[in-house]
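Comments concern the structure below.
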Amino acid sequence: MKRRSASEAAALADTVWTPLTVPVTTRSMMCILVSFDIRTIVRIVCTNDRTYTWRMTQGVIDGRRARGDESRRVVLAEAIDIASIEGLDGLSIGRLAEAAGQSKSGVATLFGSKESLQVATVAAARARFTSTVIEPARAATPRGLSRVVALVAAWLDYSRGRVFTGGCFFAAASVEFDSKPGPVRDAVTDALDTWEAYLAISLGYAKPEVPGLGDPAQLAFEITALLDAANTRSLLRDTDEPYARAAAAVRDRLRGLGAVDTALRPLDDRATL
């Protein structure tokens, strides 16, 4: 097997790990000690082709993966906003490439097919919804009625604030794909079911504070119906009034089941016309 000189191997090491500073020490066994000051990683790379090529390939793969992940994030950020207005069927490789400043071939390589792009877009929208609505409510409130009220208030703010340019992404996607079986509908359905189930579970924890509450899943269904209606009517009429009416309706429903007014104040604030 042909061996590389220490200088040749050192030059290749610079190529693999650029822009890090790579101190190199040669050894009689024809190996290179490559040390990094980041995370105190120490690697010994032998100069025979087999060992060195494996290290070089790993470096190339890691770099490509990082660039691919970043490109994917940029493209999906554009995709979810376009889809919230024009629908998931309105997505195209060419349109996204132009919007994201990427090549068509690059975008096609990232997703492979339009269906894969649509499923990835649903996943990205789901992650944004979770970080905007669910995670803040969980971080700010304990389980119980305050969590339920925080979730409803956060959803109203999310839709009214146009986190997605076209309003609630999932309200639009569910209408678009409700009669189109397949992976995209499955992804939309799973996202909606997860949200409604989480709201129902949160309502279950609130039972001691809402003595008249019988079936948490039923009330979760009613609340999500009110929220979806507020989103749709706000978009159609270009007004925030439906959000105030939805907040008032949820507040009054909880109050009628025995919830105390002090716990419902965040909804009072959003029920003002």
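Right, Ala217: at pLDDT 95 or above and surrounded by 17 or more Cβ atoms within 10 Å (Cβ to Cβ) or not? Talk me through it step by step, then tell me what you get.
Numbers: at pLDDT 95 or above: yes; surrounded by 17 or more Cβ atoms within 10 Å (Cβ to Cβ): no.
No; evaluated as a whole, the condition is false for this residue.
Taking the conditions exactly as written (more than 25 Å from Val175 (Cα to Cα), assigned to a helix (DSSP H, G or I) and of a type outside the set (Phe, Trp, Tyr)), does Glu98 satisfy them or not? Please lay out each step first, then the result.
On the way: more than 25 Å from Val175 (Cα to Cα): yes; assigned to a helix (DSSP H, G or I): yes; of a type outside the set (Phe, Trp, Tyr): yes.
Answer is yes for this residue.
Using the structure shown, decide if Ala225 is surrounded by fewer than 16 Cβ atoms within 10 Å (Cβ to Cβ) and of a type in the set (Gly, Ala, Ser). Show your work before the answer.
Values: surrounded by fewer than 16 Cβ atoms within 10 Å (Cβ to Cβ): yes; of a type in the set (Gly, Ala, Ser): yes.
Yes, satisfied.
Looking at Ser174, Ser179, Ser131 in this structure, which one is under 14 Å from the mean Cα position of the chain (by Cα), at negative phi and surrounded by fewer than 19 Cβ atoms within 10 Å (Cβ to Cβ)? Don't jump to the end; show me each part of the working.
Values: Ser174 fails: under 14 Å from the mean Cα position of the chain (by Cα); Ser179 fails: under 14 Å from the mean Cα position of the chain (by Cα).
Only one candidate qualifies: Ser131.
Testing Ala248 on (1) over 15 Å from Ala153 (Cβ atoms); (2) surrounded by fewer than 19 Cβ atoms within 10 Å (Cβ to Cβ), one condition comes back false. Which one is that?
(1)
For the stretch 86-110, name all the residues that are under 23 Å from Leu192 (Cβ atoms) and surrounded by 19 or more Cβ atoms within 10 Å (Cβ to Cβ). Can you show your working first?
Initially, the stretch 86-110 is screened for residues under 23 Å from Leu192 (Cβ atoms), giving 86-91.
Across the stretch 86-110, the qualifying residues are Leu88, Leu91.
Does Thr141 satisfy the condition of being exposed (fewer than 14 other Cβ atoms within 10 Å of the Cβ), at negative phi and hydroxyl-bearing (Ser, Thr, Tyr)? Give the derivation first.
Details: exposed (fewer than 14 other Cβ atoms within 10 Å of the Cβ): no; at negative phi: yes; hydroxyl-bearing (Ser, Thr, Tyr): yes.
Taking the combined requirement at face value, the residue does not satisfy it.
The values are calculated or read from the model by the stated rules, or taken from the named source; none is laboratory data. Computed from a predicted structure; not experimentally measured. Every residue, glycine as well, gets a Cβ built from its backbone with ideal geometry; the counts of neighbours run over all protein chains shown.
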